[in-house]
Each structure stands twice: as structure tokens, then as C-alpha cells.
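Okay, so here's the structure we're looking at.
No lab work stands behind these numbers, since they all come straight from the coordinates. Being a predicted model, the structure only gives us computed values, none of them experimental. Cβ: placed from backbone, ideal geometry, glycine included. Neighbour counts: every protein chain shown.
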Amino acid sequence: MKKKMSLLKIQFFGLLVVLSTSLSANTIENKVNVIADIQRGQLLWKKSYKGIPPYEQRSCQSCHGKDLSQVGHHIKTKRVIKAMAPSVNSQRFSNPRKVAKWFLRNCKWTMGKECTVQEKADILAYLKSL
Ligand code: HEC
């Protein structure tokens, strides 16, 4: 009886491993399938979204400014934000964890929701083209 149990356990964990490998394979596939569009990214970047007062009109430009080769100013703290264009700021988008962190925070604040993988790819393609 004891032997049978351990065999079941092995089968169960084996199944788990197979499941988790195929799940992560799917996730990678989804990311690869996204085709980024610079123009769509530019539209998303410049679009104005509705927010709650005192910031009723929000856009990525609210803090990063209209000319991405120049510094921006944080709409709340007024702090200077370095230029977003990689052509003038080679540090831009060099750290994937930083990119992910700010996409999450800034999409939520600006658009009132998280950006989709597609939206992030489009916006990043636009920004990297500058
Ligand atoms: C409320 C102000 C604010 C708004 C609005 C804002 N950002 Fe930002 N963003 C920041 C700050 C502050 C940083 C971090 C400082 C830095 O990187 O210079 C940053 C950094 C980033 C970064 C990381 C850049 C890097 O070098 O890794 C990305 C990507 C980004 N923002 C995207 C967006 C997008 C997309 C929008 C619009 C949906 C947006 N931001 C709107 C303030 C803002």
C-alpha cells in the first residue's frame, strides 16, 4: 500500500511539471506574437484620458512634456523628468524592470487601467524610435 502511494505522488508531481512547462511556453508565445506599431503607440502616448480632479485631463505628456527630446516636469511634484528620447538619453529603456514598473504605475494613473501587452509594445516602439 505504501509503495502505491508514492507512485501516485510521483505521477502527480510529474503532471504538475508538465502543466507548468506548457503554461510558461504559452506565455512566451503570447509575447512573441505581438507586433508593435509605432503610429498606434504615438496615438496612445498623445491621447487625452479623463481622470478625477484636480487632474481631469491626463496624458503621458502631462509629465513627460510634448517634446520628448527635452526634459519634462512631473505634474504633481513639478520635479524634472529627464528626456524620454533614447537619441538624447541613452539610459532610456535599458532596464526592463524599470520599464515594467513605470508602465504599470503610469498607465494606471493616466488611463485609469493597466496597459495591455500590445499597448506597451506599441508605446515602447514609438518611444524607441525617437
Ligand atoms: C504623473 C507623471 C507621469 C505621467 C502622467 C507619466 N509618466 Fe512616465 N514616468 C514618470 C516618472 C516620474 C518616471 C521615472 C523617472 C524617469 O525615468 O526619468 C517615468 C518613467 C517612465 C518610463 C520608464 C522609462 C525608462 O527609462 O525605463 C516609462 C516606460 C514611462 N514613464 C511611460 C509612461 C507612459 C506610457 C505614460 C502614459 C500612459 C506615462 N509614462 C505618463 C512620470 C509620469
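If the chain linking LYS76 and SER48 were pulled fully straight, counting 0.36 nm for each residue of separation and taking away their Cα-Cα distance, it would gain 8.4 nm.
Going through segment 68-130, which trypsin sites (Lys or Arg not before Pro) have at most 14 other Cβ atoms within 10 Å and a DSSP loop state? Present the calculation step by step, with values, prior to reporting the outcome.
Values: sites: LYS76, LYS78, ARG79, LYS82, ARG92, ARG97, LYS98, LYS101, ARG105, LYS108, LYS113, LYS120, LYS128; in loops: LYS76, LYS78, ARG79, LYS82, ARG92, LYS113.
Listed in order of number, the matching sites are LYS76, LYS78, ARG79, LYS82, LYS113.
The phi torsions of segment 102-111, fed into the Karplus equation with coefficients 6.51, -1.76 and 1.60 and a -60° offset, translate into couplings of 6, 4, 4, 5, 6, 5, 4, 5, 7, 9 Hz, rounded to whole numbers, with Gly and Pro shown as x. Relative contact order of segment 38-128, taken over Cα pairs closer than 8 Å and 6 or more residues apart, is 33 percent.
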